[in-house]
Amino acid sequence: MKFYELQVEGYHTPLSPDEIADLYRAGRLRNNDPCREIGSTRWKTIDELFPLLKHDSGRWPALPVKTVAFSVLERRDDPVPAASTTALKAGWICFGLGLSISWFFPPGNLFFSVALITAVVAMCTHQVNRGLALLVSSFLAIGLCALLFFGLVLGTAAITGAAAVQKFDAELKRSQARQRQSLALLNSAVQQLPQPSFPLTASTPGYVQSNASNSPAPSQFFAQQRTALAQAQEAQTRSAAIRRLEQQRDESKAKEARIAQLQKSIDSYDDMVRQIRSRGGDESIFVKARDQLLTQKWELQR
């Protein structure tokens, strides 16, 4: 007696023609279910191997297809593909498309949705193992693409933040260089101020006593000395006041420039925090840096 193998979920042992006929009469098998003879490599259908079952399954015994002659139009050289096979092919195609574009383009997850639907369809059409493999693979691919997307977003944000910090440091260094240059110019201007001249006395080196008729009276001489000393003190006081005013002016300008630079950096960090927060990323690093800049700004504004 010949035995046959079924490609139907739940039947894994060879069955005899009588057993196949009983299952067909009970409604457990259909005409297009794949079936083949043990030892054969070609799959056929129940209708091809047992054509009399569909006419009168209660009276006629199940006969193999070799005892019945088919016409040329009724012969089939290839097995009839199951509907689940087409669903699986479509699912794996959508799986590949989603995996290739979802990691940088989130709407590509729609392909994974189609793959999940086709996996469920395949599981409902007696392809449980293959459908389950597609289902699990789709879920894993969705998680992997999500991780890659968030890594790409965080990497871009980190590069942008590093560039902003470098720009801020460069601006700070240029401001410090301008301050040093202004101080150097101020010092050179102070050194070029005229120095007060004091009259020579007998104790001064190089003093030569002139004719008595040309020398001033003692009271006039001391008055000239007091006047010269007062002028010198006044010139020094004026120079010190000018230096203090210019220093205060430079410090005020430097503070205003520093506050403006800090505000620009704070605005830049705020933009990055909003972008990362809208994408569901971790913005704690940039929030901490922004808070430090805010603290520096408040200290300068006191």
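The values are calculated or read from the model by the stated rules, or taken from the named source; none is laboratory data. Note that the coordinates shown come from a computational prediction; the quantities given were computed from them, not determined experimentally. In this analysis, Cβ positions are derived from the backbone assuming ideal geometry, glycine residues included, and neighbour counts consider all displayed protein chains. Accessible surface is based on the protein model in full, side chains and every heavy atom, while ligands, DNA and RNA are left aside. Shrake-Rupley method; radii C 1.70, N 1.55, O 1.52, S 1.80 Å.
Looking at region 235-302, the accessible area is 70 square angstrom per residue; that uses a 1.4 Å probe and ignores ligands, DNA and RNA. The calculated FRET efficiency for the pair A189 and D169, based on their C-beta separation and a Förster distance of 30 Å, comes to about 0.45. The distance from the alpha carbon centre of region 217-240 to that of region 1-41 is 129 Å, rounded to a whole number.
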